[in-house]
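Report on the structure given below.
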Ligand code: PEP
Ligand code: MG
């Protein structure tokens, strides 16, 4: 980079800082900025366009175009050269703008007189806030140095916009993060809650993007990088002895932290007038924009590493966001890109609502949120960008939306909604001690799913007859080391005591897929949902399974015990697992320990294969429980965590129901007790259809018991079955519509 331009760009930033620090505000400040840039770059035009809403850019300040056009000229994202710069997040630099693809003539700006055009996206961390444009009459392309200087300035403008430096300069410039925002996502857990934003990964705010002391900034950057390397080395030391796989990942990571070109670019940014943190952010923005464009999985992965390293570096430089749980507000609404079940369990039930950018209905984090009845909205694009810690936010789990910084009207309506829900809960509470008896006389036994001691009070509160599925892995996920047998046994004993004689079906450890224990060697499997998981791990490495079975037998302490094995796909697997139980019993007998007074050993039916298993399988299991979440994923070959494919298939699809019906029939023929414990059991219409097919035990999250019972008590299951049969005879793909239409006249 030629020396002349380096100092020019620094000088420009210095003047910009002076302008921003002066008394001028809003529009006047913005006008000053375009004037300064135009003068420094000796171009006739300099303009700033900012987003008015997600799709519209507005001319907010100009030097050189007609002044009347300010706040009048607008364009859609992708429209004209300005719109294209924003959409593609790349610089457009042309000597002949009118000849350029997408050029749009805007008479109100008088722009036809200008031949050359250079548009630079104003972006912060990959999010485009607007476009900075310079234009001149002379037909020339701007030099790479000039473009670079514009990028540096655009970066500073982005930071200042973020900080509200231009508030008051028209609608488009009202401070970001102050206006109400409606975020549309999808429903993952119903319920409504009001609270304050609590960011899982707090946003780092850079308050000093410009610096005129490159040496100091350079030293700060180098110091921070040393600290970053040191922390990676420490992690590596720890990982090498216990986990060579993780060490490999960290080594790649360390290599990246030493990347010469990354450092060189940041140093050049500092030379050109940016502070150390602004330089990190500038390169991070570039990386994010490239990440969004790149179709190459390997490159995306590396860019992801770079993004993560940049975040760490920013935290070191600014000292922000180090203690994640420190500033939790009173009614925290967790906002995150995504979250794993372990992390959510660590936060615990104090979270009042969750809004995720990504997430999925089938994930275990969602299951935890559902078990705790925490309203959850997923796929809420933009939430981590828009929300700031402490902002008021309303989570509407019924509609899959969230209101960020709502105005009074929205807040009032929302509070009414919460009050209505409370009344519905009261209604459910009034039928808590009644049976789920349909009008035809059939009684459906409703149980609850659980996984933590903290879930058990719901056994009383919900009116559940027992725990139909106790997911033991949640206890393993919340720890950072493998629990000991004595701890497990004490814990299961507490569960049984809390159940107070009601049946608890303990499911042995179901790890793998999205449930990864932090202290177990990660498996680099291309397809973990169909990989080495659940009982497959239990049988191949029986140490943990044996410890768990022993802990369960001891916890029962002479009372009845129910155990089921997850993800059994064939008879031989059940036999092998059952043999482990027999061995555990023999061992306990030998040690003189009391055995359970009654023992039921069952299996979960989670793959279609079991529906076609030999008769002996149905005869040998003491009971079967359909794990609909996994069963559906394998039946339709649709990843339960992938929203795009998951939603295509309906549980009430005739083919899926026919599989369930077949299982019901085989269980009836062999006198095998059958239940359904996937999430669908807690959806009233689904529950109704399962009951109509003959299922008499359903296990669901506690909050669903009221609504399911309420509906079951109002219908005649024979009539439901007739409606389903009629839809099937008619050739419907799903019976949902027919049943839902029929229900309108019943309840
Ligand atoms: C299921 O697959 O339906 C089930 C209950 O197990 P999990 O959701 O824990 O995989
Ligand atoms: Mg499962």
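Find the residue count for the stretch 527-572, including only residues that are within 16 Å of ligand 1 (Cβ to nearest atom) and in contact with a strand residue (DSSP E or B) (Cβ under 8 Å, 6 or more places away or on another chain). Walk me through it before giving the result.
Let us first name the residues in the stretch 527-572 that are within 16 Å of ligand 1 (Cβ to nearest atom), namely 527-538, 548, 562-569.
Imposing the further condition that a residue be in contact with a strand residue (DSSP E or B) (Cβ under 8 Å, 6 or more places away or on another chain) reduces the set to 528, 531-538, 562-568.
Counting residues in the stretch 527-572 that are within 16 Å of ligand 1 (Cβ to nearest atom) and in contact with a strand residue (DSSP E or B) (Cβ under 8 Å, 6 or more places away or on another chain) gives 16.
State which residue is farthest from residue 123 (Cα to Cα) when the search covers only the stretch 79-91 and only residues that are at pLDDT 90 or above and either in a loop (DSSP other than H, G, I, E, B) or touching a helix residue (DSSP H, G or I) at 6+ places or on another chain (Cβ under 6 Å) (or both).
Applying the filter and picking the extreme gives 79.
Across the stretch 349-360, what is the total count of residues that are more than 11 Å from the chain's Cα centre (by Cα) and free of Cβ contacts under 8 Å to residues at least 60 places away in the same chain?
Restricting attention to the stretch 349-360, the residues satisfying the condition of being more than 11 Å from the chain's Cα centre (by Cα) are 349-353.
Applying the additional criterion that residues be free of Cβ contacts under 8 Å to residues at least 60 places away in the same chain yields 350.
Here the count works out to 1.
Under 6 Å between Cβ atoms, which residue pairs at least 6 apart in sequence (or on different chains) link something in the stretch 596-607 that is under 14 Å from residue 675 (Cα atoms) with a partner that is outside any strand (DSSP E or B) and within 10 Å of ligand 2 (Cβ to nearest atom)?
Between residues of the stretch 596-607 that are under 14 Å from residue 675 (Cα atoms) and residues that are outside any strand (DSSP E or B) and within 10 Å of ligand 2 (Cβ to nearest atom), the close pairs are 604/627; 606/627; 606/630; 606/631.
Scan the stretch 553-578 and report the pairs whose first residue is assigned by TED's automatic domain parsing to the domain that holds residue 602 and touching a residue at least 12 places away in the same chain (Cβ under 8 Å) and whose second residue is assigned to a loop (DSSP other than H, G, I, E, B) and within 16 Å of ligand 2 (Cβ to nearest atom), with Cβ atoms within less than 6 Å and a gap of 6+ or a chain change.
Every condition considered, the pairs that remain are 565/508; 566/510; 566/534; 567/534; 567/606; 569/607.
Looking only at strands (runs of 3 or more DSSP E) that lie completely in the stretch 168-213, which have at least 3 residues being in contact with a strand residue (DSSP E or B) (Cβ under 8 Å, 6 or more places away or on another chain) and at pLDDT 90 or above? Can you show your working first?
On the way: elements: 181-184, 186-189, 192-199.
Result: 181-184, 192-199.
Consider the stretch 475-526. How many of its residues are within 16 Å of ligand 1 (Cβ to nearest atom), surrounded by fewer than 22 Cβ atoms within 10 Å (Cβ to Cβ) and under 25 Å from residue 622 (Cα atoms)?
Residues that pass the stated criteria total 1.
Kindly indicate the residue of the stretch 330-370 that is modelled with pLDDT of 90 or more and part of a loop (DSSP other than H, G, I, E, B) and also surrounded by the fewest Cβ atoms within 10 Å (Cβ to Cβ) among those meeting that condition.
330
In the same structural domain as residue 438 (by TED's automatic domain parsing), modelled with pLDDT of 95 or more and under 21 Å from residue 462 (Cβ atoms): does that describe residue 658?
Working: in the same structural domain as residue 438 (by TED's automatic domain parsing): yes; modelled with pLDDT of 95 or more: yes; under 21 Å from residue 462 (Cβ atoms): no.
The answer is no for residue 658.
Please find, within the stretch 575-610, the residue that is surrounded by the fewest Cβ atoms within 10 Å (Cβ to Cβ) out of those that are in contact with a strand residue (DSSP E or B) (Cβ under 7 Å, 6 or more places away or on another chain) and under 21 Å from residue 632 (Cα atoms). Before you say what the answer is, go through the steps one by one.
Filtering the stretch 575-610 down to residues in contact with a strand residue (DSSP E or B) (Cβ under 7 Å, 6 or more places away or on another chain) leaves 577-578, 581, 596, 599-606, 610.
Cutting the leftovers down to under 21 Å from residue 632 (Cα atoms) gives us 602-606, 610.
Working: 602: 23, 603: 29, 604: 27, 605: 30, 606: 25, 610: 25.
Among residues in the stretch 575-610 that are in contact with a strand residue (DSSP E or B) (Cβ under 7 Å, 6 or more places away or on another chain) and under 21 Å from residue 632 (Cα atoms), the one surrounded by the fewest Cβ atoms within 10 Å (Cβ to Cβ) is 602.
Among the residues of the stretch 561-572, are any part of a strand (DSSP E or B) and more than 23 Å from residue 452 (Cα to Cα)? So that I can check it myself, show each step before the final result.
Our first condition is that a residue be part of a strand (DSSP E or B); within the stretch 561-572, this holds for 561-568.
Then drop every residue that is not more than 23 Å from residue 452 (Cα to Cα), which leaves 568.
Checking the stretch 561-572: at least one residue is part of a strand (DSSP E or B) and more than 23 Å from residue 452 (Cα to Cα).
Need the failing condition index for residue 494 against (1) within 28 Å of residue 518 (Cβ to Cβ); (2) within 30 Å of the chain's Cα centre (by Cα), just the number.
Looking at each condition in turn, residue 494 falls short on (2).
What are the residues in the stretch 271-325 that are at pLDDT 85 or above and assigned to a loop (DSSP other than H, G, I, E, B), if any?
Passing the criteria: 272, 273, 275.
The values are calculated or read from the model by the stated rules, or taken from the named source; none is laboratory data. Small disclaimer: the values here were computed from a predicted structure and weren't measured. Positions of Cβ are backbone-derived with ideal geometry, glycine not excepted, and every protein chain shown enters the neighbour counts.
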